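Structure record follows, encoded as structure tokens.
The values are calculated or read from the model by the stated rules, or taken from the named source; none is laboratory data. Please read all numbers here as calculations on a predicted model, not as lab measurements. Every residue, glycine among them, receives a Cβ derived from its backbone with ideal geometry; neighbour counts consider all protein chains shown.
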Amino acid sequence: MASDLSALLGTILSSLAHARRAADLETAKIAELYKEHPLLEGMSLPRIRVPEMVIDLPIVIDSDDPGTPNELTEPADIHKGITAAFADATGREKVEIPQQARDQFAAELRTELGKVQTSAATIGATREAVVRAVDSAFARTIPQGVLRGMQRPEIAAVVTAVRARAADIALKKIGRPPSIRASFDTNSVKDRAGAANVVRLKITLREEGLEWSAGTSAGGTPTSKLTPE
């Protein structure tokens, strides 16, 4: 039975992570035993790590799917949605923007969205490209007085709201990533083995551990984050 190759690789990586978890749980149990034993409590704990693992896996390639690209929303519709979000946000946050400055932002945004449409035809459309178009329009108009005082929280709220709206409406349709369908169970590989369709997938995995680190935020509240061992 054919499966998506990305699902297979993800399952292998996930299984190895859970194997490490199971091993660490056993190490924790051993630590308790060592702690309670008068002759073992001073000894180092046995903990097995696999710094590198190589998996050599024969698979049968069944088919490949080139996928489909994201479909960009019409620039005119994006422009309409973003300028409306700009007006709503400035009204909600009570930020005074002269009409001339609003028109300037709209003009700059229209130019930037035209660039996004051109690039989308060759390299594909992304939400990030539309958000960057908004940022570029702001950058060209802020020095001329559109949104002075970016450090003010209400101004930051306007920018955040407009960027979020841009990301929401950027794509008309989400594309499908390319994929490879492959069979990797033993019987399938043995029965269908041939130079034309069987390949060997060699994967080298290196272990990188993470650990929780405690700290405090700028406001003095306790925080924790995962950092490399």
Q) Does the stretch 70-81 include one or more residues that are surrounded by 14 or more Cβ atoms within 10 Å (Cβ to Cβ), small (Gly, Ala, Ser) and outside any strand (DSSP E or B)? A) yes
Q: Just give me the residues in the stretch 98-108 being of a type outside the set (S, T, N, Q) and either under 35 Å from the mean Cα position of the chain (by Cα) or under 13 Å from Ala139 (Cα atoms) (or both), in sequence order.
A: Ala101, Arg102, Asp103, Phe105, Ala106, Ala107, Glu108
Q: Would you check if Val95 is exposed (fewer than 14 other Cβ atoms within 10 Å of the Cβ) and not basic (Lys, Arg)?
A: no
Q: Considering only residues that are part of a helix (DSSP H, G or I) and of a type in the set (Asp, Glu), look in the stretch 90-121 and name the one that is modelled with the lowest pLDDT.
A: Asp103
Q. Is it true that Val130 is of a type outside the set (Asp, Glu), surrounded by 15 or more Cβ atoms within 10 Å (Cβ to Cβ) and within 30 Å of Ala19 (Cα to Cα)?
A. no
Q) So which residues in the stretch 157-187 are crowded, with 17+ Cβ neighbours inside 10 Å and hydroxyl-bearing (Ser, Thr, Tyr)? A) Ser183
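For every residue, the table says whether it meets (1) within 30 Å of Glu208 (Cβ to Cβ); (2) out of contact with any strand residue (DSSP E or B) (no Cβ under 9 Å at 6 or more places or on another chain); (3) part of a strand (DSSP E or B); (4) not aliphatic (A, V, I, L, M).
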{"position": "Ile12", "(1), (2), (3), (4)": "yes, no, no, no"}
{"position": "Leu25", "(1), (2), (3), (4)": "yes, yes, no, no"}
{"position": "Lys29", "(1), (2), (3), (4)": "yes, yes, no, yes"}
{"position": "Leu33", "(1), (2), (3), (4)": "yes, yes, no, no"}
{"position": "Ser44", "(1), (2), (3), (4)": "yes, yes, no, yes"}
{"position": "Ile55", "(1), (2), (3), (4)": "yes, no, yes, no"}
{"position": "Asp64", "(1), (2), (3), (4)": "no, no, yes, yes"}
